[in-house]
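Since the structure comes first, as structure tokens, the remarks are kept for the end.
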Amino acid sequence: MKRFFKPIEKECSAKKPALSPSKKDGETTETSSEENSKKDPLKFVTWNANSLLLRVKNNWPEFSNFITTFDPDVIALQFIVCSVIAWEVRMPAAGSKDAPKNHQELKDDTKASREEKLILMRALSSPPFKNYQIWWSLADSKYAGTALSVFHFLLSALKYEPDGRVILAEFETFYLLNTYAPNNGWKEEENSFQRRRKWDKRIQEFVLQCSGKPLIWCGDLNVSHEEIDVSHPEFFAAAKLNGYVPPNKEDWGQPGFTIAERKRFGAILKEGRLIDAYRFLHKEKDMDCGFSWSGNPIGKYRGKRMRIDYFIVSEELKDRIIACEMQGHGIELEGFYGSDHCPVSLELSEASSDSEKKEKKNLDV
């Protein structure tokens, strides 16, 4: 399947809203070698790989077969790496200790990091991934990262978040935002509740500022919006860590399923006029295939699952949603490929031409 994307001038996206300041030197812009390229990507995959390096070492054949079969235009990874596959990668940014980091390059200044980089790049240079171009957004350590892989060419500027949790890409007719949201945590601390509240506020600000083009927002968003989005609502609502109970009742429960997080997420969707693509198509609870994260297969979390990985789209794209699916199922975690998350896929129909839009408008009248 051929994919071609129309170039977008770097200057056009310099004034677009972003979660972090626009890059100056080194801002990435890619253009297609096909001057008449016009098509935007239509098939997407997002996956929190939970250490991309481990997935490459232990689970690459299964994941590669999935990519070959589904044939996505974009892979978005979160990792601990993201492609439209969106990935989680857990690979540190290039740069020696105490030196400025290059968040677009994998670390390779030590023997261990060079070996890790070589393993990754060999895997990503082999079928079916060799035909994708990949962009990294990496933190200073192995804590978090995202990656974006696009079949053939990404034709716009990319913007990054310094801690590796965001990649924002602009295509001809929409923005693509790949994020790895920080976990809410269990306590009212700077690196948990407070950090997540600040994150949600910034996402909401971005969504409200994002104009001119529709938005596709994907990744591990670390929240289950409604009770239907978890397998055992009572269990998750009453969950505690070491018996600790937060003073505010809205912060009680499993991170990702607290009332406070769910309210903020609902507000982002409502105020941003955004649609949860999976729930738009799937109204009923599906105990086998309706979740993207599963707890440890041993212990009290066995069989306990949440839907925390999403494709969120602007309302103007909802009529183009063909399919949105969780690619994992069952208590034995088939389709999770070694991660505690399974891939999530999205398919869109092609954008209507101006004449088709006009005809539809006349029919509606």
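Laid out as a table, the results:
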item: Filter result for the condition that a residue is over 18 Å from the mean Cα position of the chain (by Cα) and either open to solvent by less than 10 Å² (accessible area, probe 1.4 Å) or not aliphatic (A, V, I, L, M) (or both), over Y310, Y301, Y337; result: Y301
item: Count of residues meeting criterion [open to solvent by less than 10 Å² (accessible area, probe 1.4 Å) and either touching a Gly at 6+ places or on another chain (Cβ under 7 Å) or at pLDDT below 80 (or both)] in segment 160-177; result: 1
item: Pairs, first within 17 Å of K201 (Cβ to Cβ) in segment 247-262, second aliphatic (A, V, I, L, M) and surrounded by 22 or more Cβ atoms within 10 Å (Cβ to Cβ), C-beta under 6 Å, six or more apart; result: E261/V223
item: Pairs where the first residue, in segment 57-69, is closer than 19 Å to L118 by Cβ and in a helix (DSSP H, G or I) and the second is open to solvent by 90 Å² or more (accessible area, probe 1.4 Å) and not small (G, A, S), C-beta under 8 Å, 6+ apart; result: S64/P127
item: For W60: the one exception among (1) at pLDDT 50 or above; (2) closer than 20 Å to T179 by Cα; result: (2)
item: All positions within segment 302-360 that are at pLDDT 95 or above, on the phi > 0 side of the Ramachandran plot and in contact with an Asp or Glu (Cβ under 7 Å, 6 or more places away or on another chain); result: Y337
item: Considering residues of segment 29-55 that are assigned to a helix (DSSP H, G or I) and either out of contact with any helix residue (DSSP H, G or I) (no Cβ under 6 Å at 6 or more places or on another chain) or modelled with pLDDT of 90 or more (or both) only, the residue least open to solvent (accessible area, probe 1.4 Å); result: L52
item: Selection status of F193, open to solvent by less than 10 Å² (accessible area, probe 1.4 Å), at pLDDT 85 or above and more than 20 Å from the chain's Cα centre (by Cα); result: yes
item: Residue that is surrounded by the most Cβ atoms within 10 Å (Cβ to Cβ) [pool: residues in segment 242-289 that are β-branched (V, I, T) and part of a helix (DSSP H, G or I)]; result: I268
item: From I228, I259, I203, I216, residue being in contact with a Lys or Arg (Cβ under 6 Å, 6 or more places away or on another chain) and among the hydrophobic types (A, V, I, L, M, F, W, C); result: I228
item: Yes/no for N222 being polar (S, T, N, Q) and either touching a His at 6+ places or on another chain (Cβ under 9 Å) or open to solvent by 50 Å² or more (accessible area, probe 1.4 Å) (or both); result: no
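The values are calculated or read from the model by the stated rules, or taken from the named source; none is laboratory data. These numbers come from a predicted model, not from an experiment. We place every Cβ from the backbone using ideal geometry, glycine too, and count neighbours over all the protein chains shown. Keep in mind that these areas ignore ligands, DNA and RNA; they rest on the heavy atoms of the full protein, side chains included. Shrake-Rupley method; radii C 1.70, N 1.55, O 1.52, S 1.80 Å.
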